[in-house]
Structures are given as C-alpha cells and as structure tokens.
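Structure, as structure tokens:
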Amino acid sequence: MVRLWEHEVLAGRRDSAPHGRFLQRFLSGFDWEACSRVEDDAGGMRGVVLVLRRQAEDATVARVEAAVTPDIDDELLQTLIGWGVGLARAAGAHVAQVWRARGTAEWLSGAGLQPVRPWWRMDRAMDDLPAIAQVPGYDLADATTVPPGSWEDMFNRTFADHWRFAPRGEGEIVGDRAPGLCLMAITRARRSPAGITIGEVESYDGDPRPQPVGLISSVGTLPEHRRRGLATWLVAEVLARLRDAGAHSASLYVDGMSPVMAYDVYRKMCFQVAREAEVWEATWP
C-alpha cells in the first residue's frame, strides 16, 4: 500500500507518501475488513481504497484515500474512489472528502463531489532560521514538563473553531512523538496553556526535499491569546529543535482559506508554498 502511495507522489497526485510513525497513527484502530477494498491480480496489488471516519462537532466526516499502480489508467482510480464515497454514504457519513493534488481530479465533479478548500504544503530550508523571540508574559514548556492530559484539552480548545474540526485524544496528539518537540506556550502569571506546536522528524523515499524532513503541525493558540506573536515564537523554536534533531528541511500544512491567514505568518518565516492540494467533498443530510 505504501508503494502505491509512493507511485501517486511520482504521478503528481499526492505530495508525500505517509509511512512510519505517521502511518501507524493514521491507521490506528482501522477496520480493514469493513472499510477498505483492494484490487489485485497475479502481479500483486493494483489499487487500494480506504475509508476513514471522524466525528466532527456537527457531522460525521469520512476521508476516502485511494491509490493505483502507475501503469493503470484513471478508470480504476475513479472506480475505487466512487466505491469509497458510496460506502461512506451507506455507513451514515454526512460528508465524504477526497484530497487530491490541484488540477488532477476535475473528474470528481462527475461523482457528485465539489472542490471546497485549498490545502497547501509550505517548505523551507534549515539554514538562516528565524530568530527566536520570546513573547513577554509567556514561558515555554514541552512534553517533558507539561502534565499528562493537558495536550488533549489544549488541542481541542485551540482548534474547536477550525474548519471540519474533530476532537483528538492525548495519544494521537503527542503519543510517540519526541517530548522535546511537543511545545506549549504557557502564561507566566497563571501557568495556563496558551499556544501549541508539534514537531517530528520523518524520512520519505524518493522525495525531492532534503531528508529527513522536520514536520511542523498543530500550530495554534487559544482565541484569547491570538495576535500576540505566539505562533511565530513557537514555530521558530520548533524549527531550531528540529534542526538539532537532524532535520535537513522543514514542512508544514496550512488551510489555504485560513480565516486568520496563518500562511502569512509562515511566509514571513521563509516558508513557501511547494504543493497545492484541493479538498473535494460530497455532502448529505
């Protein structure tokens, strides 16, 4: 399955092929028998589709992930995605999502999906990192000192107002990540959480980015602490820690329609849009 995803990257349909620790988290508890379909022949696996479900605040959202070997035309890919969308609807999902590289999936409109969101991967090199400027009135903590249980509460309150947000548990947020790369800004007066950023180091076979890659995720601040520079501080700090952990490049993902224009913060830190994806959705009552 990972090989098929890597073929999708080479074909320009995906930006990277998940594997390693990310893949373990991505598929934790996945019901393979009920929520996947594999097409194979004597030569091996030709295509696969997975349907993953999350419960958002007001809807059940299913994400349909499909891949095929490079020697096969789009007909099998379309068949697999159509099967996944149908399964999502039959299983009671309110929304089915398909994430594809921009300009590679216009045919999805014929399957009842519409493009609803741009999603960008932004990259930067690890030289000339931005200066780390601590925000007055706040201190920095990481998972070596933050009490267990704090990450789940902080994450879910921070991102509750984000598009298609679905709550996550402590294990999914920090889990097996390096404690020193899980950062939290806390208020100096009350020692209460204010902002969060997570980093990890991952390698991708056949990827043009200098390897390994420092991935930055879950960059956010509680609404009452926004517009104070916490995100810039946390990202600058995690960049330095990722470099020290061996990362040779850095990437993060951002909503291209972010209401707080988070991408502007990242551009000021020398991140540039490297890959553009589109989120396609079908919705039902």
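When the stretch 142-158 is limited to residues that are crowded, with 17+ Cβ neighbours inside 10 Å and under 23 Å from the mean Cα position of the chain (by Cα), the one that is farthest from residue 89 (Cα to Cα) turns out to be 142. When the stretch 210-242 is filtered for residues that are of a type in the set (Lys, Arg) and not in a loop (DSSP other than H, G, I, E, B), only 241 remains.
Contact map, the stretch 78-94: first residue more than 19 Å from residue 285 (Cα to Cα), second residue outside any helix (DSSP H, G or I) and open to solvent by 50 Å² or more (accessible area, probe 1.4 Å), Cβ cut-off under 7 Å, separation 6 or more or different chains; pairs are 80/37; 83/37. Yes or no: the stretch 271-285 includes at least one residue that is touching a helix residue (DSSP H, G or I) at 6+ places or on another chain (Cβ under 9 Å), over 29 Å from residue 115 (Cα atoms) and in a loop (DSSP other than H, G, I, E, B). Checked the stretch 271-285: no residue is touching a helix residue (DSSP H, G or I) at 6+ places or on another chain (Cβ under 9 Å), over 29 Å from residue 115 (Cα atoms) and in a loop (DSSP other than H, G, I, E, B). For the stretch 161-173, the criterion of being over 16 Å from the mean Cα position of the chain (by Cα), closer than 28 Å to residue 94 by Cβ, in a loop (DSSP other than H, G, I, E, B) and touching a residue at least 24 places away in the same chain (Cβ under 8 Å) is satisfied by at least one residue.
For (1) in a helix (DSSP H, G or I); (2) hydroxyl-bearing (Ser, Thr, Tyr); (3) farther than 27 Å from residue 198 by Cα, each residue gets a yes or a no:
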{"site": "23", "(1), (2), (3)": "yes, no, no"}
{"site": "30", "(1), (2), (3)": "no, no, no"}
{"site": "58", "(1), (2), (3)": "no, no, no"}
{"site": "61", "(1), (2), (3)": "no, no, no"}
{"site": "70", "(1), (2), (3)": "no, no, yes"}
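Of the residues 87, 76, the single one that is under 20 Å from residue 107 (Cα atoms) and open to solvent by less than 40 Å² (accessible area, probe 1.4 Å) is 76. With respect to residue 216, is the statement that it is open to solvent by less than 10 Å² (accessible area, probe 1.4 Å) and either modelled with pLDDT of 95 or more or at positive phi (or both) true? Yes; evaluated as a whole, the condition is true for this residue.
Take the residues in the stretch 39-70 that are over 23 Å from residue 95 (Cα atoms) and hydrophobic (A, V, I, L, M, F, W, C); name whichever of them is most open to solvent (accessible area, probe 1.4 Å). Checking each candidate, the answer is 42. If I filter the stretch 190-198 for residues that are open to solvent by 50 Å² or more (accessible area, probe 1.4 Å) and either touching a Leu at 6+ places or on another chain (Cβ under 8 Å) or charged (D, E, K, R) (or both), do I get at least one hit? Yes, there is a match, as at least one residue in the stretch 190-198 is open to solvent by 50 Å² or more (accessible area, probe 1.4 Å) and either touching a Leu at 6+ places or on another chain (Cβ under 8 Å) or charged (D, E, K, R) (or both).
Residues checked against (1) at negative phi; (2) open to solvent by 50 Å² or more (accessible area, probe 1.4 Å); (3) at pLDDT 95 or above:
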| position | (1), (2), (3) |
| --- | --- |
| 188 | yes, yes, yes |
| 203 | yes, yes, no |
| 248 | yes, yes, yes |
| 278 | yes, no, yes |
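In the condition set (1) open to solvent by 40 Å² or more (accessible area, probe 1.4 Å); (2) part of a strand (DSSP E or B); (3) over 23 Å from residue 213 (Cβ atoms), residue 139 is compliant with all but (1).
The values are calculated or read from the model by the stated rules, or taken from the named source; none is laboratory data. Just so it is clear, the structure is predicted and the values come from calculations on it, not from any experiment. With ideal geometry, Cβ positions are generated from the backbone for all residues, glycine too; neighbour counts draw on all protein chains shown. Note: accessible area is taken over every heavy atom of the protein model, side chains too, but ligands, DNA and RNA are not part of it. Shrake-Rupley method; radii C 1.70, N 1.55, O 1.52, S 1.80 Å.
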